[in-house]
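**Q** Structure in structure tokens, see below.
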Amino acid sequence: MKTLVLVFHPNLSSSRLNRRWAEEMDKQAGVTVHRVYEAYPNEEIDVNAEQELLEQHDRIVLQFPFYWYSTPSLLKKWEDAVLTYGWAYGSTGNKLHGKELLLAVSVGASEDSYTPNGVFKYTLAELLRPLQATSNMIGTSFLAPYAAYGVMQLSDEQIEQTAKDYLAYVLNPEAASLAVR
């Protein structure tokens, strides 16, 4: 299975966690890591190149930091530009049908903040629901997301462990114990 990891981090060089995740994925055979902010520093997306990348892979991973209860702005812009009518959805838009979509999310707050009784009142899975709806629309199989919480407080050892866990999960998403519920 060929896996495409689309890294959407606006300042990847300063990110300990997302940078480490991308580095770990770079080492894997059958995995293509695409650092989207680096590819498009002016946010002028090459739609044809992006669509070709997607077509060449079986599993698509959207890796990003979660803030303001959403994705980084370039991810939304990428969705709008790349997932076009007639290509990704609509009566003839079937290019992604049968592929898998997995979210890999880094979260600043603690996991207990994302509960009905927590400070944010919603689970992370609930807040990621629009991306699941997008998956439904484009015909991909939505896999349970992978998340690391409290990333600003993680030690170097904990970051290394999340990188190993992330790798294991992306390569074997059936390992549901690592998934966001």
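The values are calculated or read from the model by the stated rules, or taken from the named source; none is laboratory data. Small disclaimer: the values here were computed from a predicted structure and weren't measured. Ideal geometry is used to build each Cβ from the backbone, glycine not excepted, and the neighbour counts take in all protein chains shown. Quick note on the areas: whole protein, heavy atoms, side chains included, nothing else; ligands and nucleic acids left out. Shrake-Rupley method; radii C 1.70, N 1.55, O 1.52, S 1.80 Å.
**Q** Output the qualifying pairs, or none if there are none: Cβ atoms under 6 angstrom, residues six or more apart or on different chains, first residue in the range 47-70 and without any contact (Cβ under 8 Å) to a residue 60 or more places away in the chain, second residue of a type in the set (Lys, Arg).
**A** Qualifying pairs under 6 Å: 55/95; 57/2; 58/2; 58/99.
**Q** Next question. So which of 32, 92 ends up being among the β-branched types (Val, Ile, Thr) and either under 24 Å from residue 150 (Cα atoms) or over 14 Å from the mean Cα position of the chain (by Cα) (or both)?
**A** That would be 92, the only listed residue that is among the β-branched types (Val, Ile, Thr) and either under 24 Å from residue 150 (Cα atoms) or over 14 Å from the mean Cα position of the chain (by Cα) (or both).
**Q** Is it true that some residue in the range 154-174 is hydroxyl-bearing (Ser, Thr, Tyr), touching a Gly at 6+ places or on another chain (Cβ under 9 Å) and open to solvent by 10 Å² or more (accessible area, probe 1.4 Å)?
**A** No; the residues of the range 154-174 include none that is hydroxyl-bearing (Ser, Thr, Tyr), touching a Gly at 6+ places or on another chain (Cβ under 9 Å) and open to solvent by 10 Å² or more (accessible area, probe 1.4 Å).
**Q** Of the numbered conditions (1) more than 20 Å from residue 132 (Cβ to Cβ); (2) modelled with pLDDT under 95; (3) over 17 Å from the mean Cα position of the chain (by Cα), residue 114 satisfies every one except a single condition; which is it?
**A** All conditions are met except number (1).
**Q** On to the next question. Filter the range 111-124 down to the residues that are loosely packed, with under 15 Cβ neighbours inside 10 Å and either of a type in the set (Gly, Ala, Ser) or out of contact with any Ser or Thr (no Cβ under 9 Å at 6 or more places or on another chain) (or both) and list them by number.
**A** 112, 117, 118
**Q** Is the range 34-51 home to any residue that is more than 27 Å from residue 126 (Cα to Cα) and of a type in the set (Phe, Trp, Tyr)?
**A** So far as the range 34-51 goes, yes, one or more of its residues are more than 27 Å from residue 126 (Cα to Cα) and of a type in the set (Phe, Trp, Tyr).
**Q** Shifting gears a bit: Does any residue of the range 122-133 turn out to be in contact with an Asp or Glu (Cβ under 8 Å, 6 or more places away or on another chain) and not aliphatic (A, V, I, L, M)?
**A** No, the range 122-133 contains no residue that is in contact with an Asp or Glu (Cβ under 8 Å, 6 or more places away or on another chain) and not aliphatic (A, V, I, L, M).
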